[in-house]
Amino acid sequence: MLDFSGKPFYLTSKQSEWIKDTIASMTIEEKAGQLFCEVIWGEEDQNADRIFQTYMPGGVMFRDLSAAAVHRLSERVQGKSKIPMLIAANLERGGNGVVKEGTYFSTPMAAAATDDETHAYHLGKVSCGEGAAVGVNWTFEPVVDLNYNYLSSITNTRTFGSDPDRVIRMAKAYMQGAREEGCVPCIKHFPGDGMDYRDQHLLASVNTCSIAQWESTYGKVYRELIEDGAETLMAAHIKLPAYSKALNPSLKDEEILPASLSKELLTTLLREKMGFQGLIVSDATNMVGFTASMERKRAVPESIAAGVDMFLFTVNQEEDYQYMLEGIRNGIITPERLDEAVSRILALKASLHLPEKQAEGSLVPPFNKAMEVIGNHQFETWARECADHAITLVKNKENLLPIDSKKTKRILFRVIKLSQKQENDYDSNSELFRKLMEERGFELIDFQPDSLPGGLINEQKISEIRNKYDMILYFVTCDVKSNQKDIRIGWTSFLGGDTPKFIKEIPTVFISMSNPYHLADVPMVSTYINTYSPCRFSVEELVKKITGESEFVGINPVDPFCGLWDTRL
């Protein structure tokens, strides 16, 4: 059996004995079940019951549901489990990653834009404090990818930026906050996203770094966080050709696999060369980056054989479980490898004191206590402080800011929604902005397609609009999702009738509430602001800054000019 007395689990002899005794009492079928982490999407009890139809899984992940539902379902799944379960969530931006009533604290990039790891620590505290209140004990954060490709829809504001040292500082702070709240962190997406603009949800993407480049960037981040005691790591459907071929020179290009299936990257590089002894969980195995890499009957057990300890999600529970059992019985997964994977899963549970909590009946806190935690005043105070320190004035070439309602009263207001996925949230942000501006004496006039001259049949004169409006203000409300169309601006016509095309006629300000790279779309604007988080706190602090009530102090955690010549002009 592995020795878990040291990093990262630091188990006592009693905890190690529990692992040994538990494994000795388990059947092959029970061990196979522990390898799976399932997902619950809906609030109905049958969604929890469904995951137990074929086997007893080792863990479950919740998406965002009501606090009452998550709490009830946490109690339900723990009550059905002989061995206490790992309960995971994407606690990336706040407790709203698992409960709808939770705090939207900030994106990781907003925390990084403060250049103060206190805010990343608070992000971990708030996210995991609210998650733990409803039974979550595992956060699939922090994202420690690096923003090297501004066209990536996956990294974007989900990361702490492009500077490895800042990412390390912020990630360590988040992890400290998470641990203090009883949630174990998970560093991801190994071997590192942010080089490829493509999406591993839709294909196996590629980290194109040379070995030297990778070691000085992504490798540096992972080595430092492993040294810091990272307990878990997520293996992504991302290829790292340079390292795979160096570790196995016989590999042909077409044989290179993503990390989630690569023995070279997980066993040789991560375990042997980098010394990681924590638990490796795959990224979601229903993503195309995994499913298109290998026939699933092979891929399910091959993932474990390559070094993954816990298999995230199933395509068909019964079928995937049978694939795993067949892989065990035909030797793809050796008995030693099976016990090693299950031991690490149990070690993580022991490090969280789940067996003791199960015996005490305290795996899930009482609901009344949970609601005292979720959305409390301290969390909102910290979130507001983060927004205040994060918002960044990227360009102010014409010194248009701050603005005064006595001089700049009539503002043509153009709201751009790049996605309809959360339209109500976007509307609430723009309407809150309007309300706060109008309270300060500004008049915001909705931008209509015929508001400006220049269309094919528009007869409006430039001189007329110059006299009619004091400023044009663009407000991009999108939240970054896993889709290119959600981060690039598509204008309403091929002539760009709603673009900032009259910046030489009317002062123009452009505000991006999320994606920090919109200067690539509007290089002509001279006044540009990034808030990084499309949430209430960012809107409230933004208004104070553009009206001069507070100063812009945020820094650029990435290159907002996108490496383009014209965006800096």
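The values are calculated or read from the model by the stated rules, or taken from the named source; none is laboratory data. Computed from a predicted model, the values in this text were never measured in an experiment. Backbone-built Cβ (ideal geometry, glycine too); neighbour counts: all protein chains shown.
List of remarks:
- Condition check for Ser550 on (1) buried (at least 21 other Cβ atoms within 10 Å of the Cβ); (2) modelled with pLDDT of 95 or more: one failure, at (1).
- Test: residue in the stretch 36-52 that is over 20 Å from the mean Cα position of the chain (by Cα) and farther than 28 Å from Met324 by Cβ: yes
- Residue match in the stretch 242-250 (condition: free of Cβ contacts under 8 Å to residues at least 24 places away in the same chain, within 21 Å of Gly331 (Cβ to Cβ) and in a loop (DSSP other than H, G, I, E, B)): yes
- Positions within the stretch 116-137 being closer than 30 Å to Pro84 by Cα and either part of a loop (DSSP other than H, G, I, E, B) or of a type outside the set (A, V, I, L, M, F, W, C) (or both), in sequence order: Tyr121, His122, Gly124, Lys125, Ser127, Gly129, Glu130, Gly131, Val134, Gly135, Val136, Asn137
- Any hit, the stretch 45-64, residues being at pLDDT 95 or above, under 13 Å from Val342 (Cα atoms) and of a type in the set (Val, Ile, Thr): no
- Enumeration of residues in the stretch 550-569 that are without any contact (Cβ under 8 Å) to a residue 24 or more places away in the chain and either within 29 Å of Lys435 (Cβ to Cβ) or among the small types (Gly, Ala, Ser) (or both): Glu551
- Among the residues listed as Leu325, Leu346, Leu352, the single one being in the same structural domain as Ala67 (by TED's automatic domain parsing), in contact with a helix residue (DSSP H, G or I) (Cβ under 6 Å, 6 or more places away or on another chain) and surrounded by fewer than 23 Cβ atoms within 10 Å (Cβ to Cβ): Leu325
- The number of residues in the stretch 222-238 that are β-branched (Val, Ile, Thr) and crowded, with 21+ Cβ neighbours inside 10 Å comes to 2.
- Criterion (surrounded by fewer than 24 Cβ atoms within 10 Å (Cβ to Cβ), at pLDDT 95 or above and among the hydroxyl-bearing types (Ser, Thr, Tyr)) met by exactly one of Ser303, Ser293, Ser282, Ser262: Ser293
- Looking across the stretch 69-92 at every residue that is under 27 Å from Ala383 (Cβ atoms) and in contact with a helix residue (DSSP H, G or I) (Cβ under 7 Å, 6 or more places away or on another chain), the one that is surrounded by the most Cβ atoms within 10 Å (Cβ to Cβ) is identified as Leu91.
- Matching residues, the stretch 211-261, being among the hydroxyl-bearing types (Ser, Thr, Tyr), more than 22 Å from Thr155 (Cα to Cα) and in contact with a Ser or Thr (Cβ under 7 Å, 6 or more places away or on another chain): Ser244
- Scanning the stretch 413-443 for residues that are within 34 Å of the chain's Cα centre (by Cα), modelled with pLDDT of 90 or more and either crowded, with 16+ Cβ neighbours inside 10 Å or among the aliphatic types (A, V, I, L, M) (or both) gives Phe413, Arg414, Val415, Asn429, Ser430, Leu432, Phe433, Arg434, Leu436, Met437.
- Among the residues listed as Ser533, Ser493, the single one being assigned to a loop (DSSP other than H, G, I, E, B), within 27 Å of Glu439 (Cβ to Cβ), in contact (Cβ under 8 Å) with a residue 12 or more places away in the chain and among the small types (Gly, Ala, Ser): Ser533
- Total residues in the stretch 199-218, condition in contact (Cβ under 8 Å) with a residue 40 or more places away in the chain and surrounded by fewer than 23 Cβ atoms within 10 Å (Cβ to Cβ): 6
- With respect to being buried (at least 19 other Cβ atoms within 10 Å of the Cβ) and β-branched (Val, Ile, Thr), Ile529 fits the description.
- Pairs, first assigned by TED's automatic domain parsing to the domain that holds Val184 and over 21 Å from Gly131 (Cα atoms) in the stretch 47-68, second hydroxyl-bearing (Ser, Thr, Tyr) and in a loop (DSSP other than H, G, I, E, B), C-beta under 7 Å, six or more apart: Met56/Ser81
- Residues considered: Gly124, Gly129, Gly94. Of these, the only one that is in the same structural domain as Leu35 (by TED's automatic domain parsing) and either within 28 Å of Thr22 (Cα to Cα) or over 13 Å from the mean Cα position of the chain (by Cα) (or both) is Gly129.
- Lone unmet requirement of (1) touching a helix residue (DSSP H, G or I) at 6+ places or on another chain (Cβ under 9 Å); (2) at pLDDT 95 or above for Arg488: (2)
- Residue in the stretch 138-154 that is in a helix (DSSP H, G or I) and crowded, with 21+ Cβ neighbours inside 10 Å present: no
- Residues satisfying the stated conditions in the stretch 212-240, i.e. over 16 Å from Ile280 (Cα atoms) and among the β-branched types (Val, Ile, Thr): Thr217, Val221
- Thr499 being outside the structural domain of Asp165 (by TED's automatic domain parsing), among the β-branched types (Val, Ile, Thr), farther than 25 Å from Thr107 by Cβ and surrounded by fewer than 17 Cβ atoms within 10 Å (Cβ to Cβ): no
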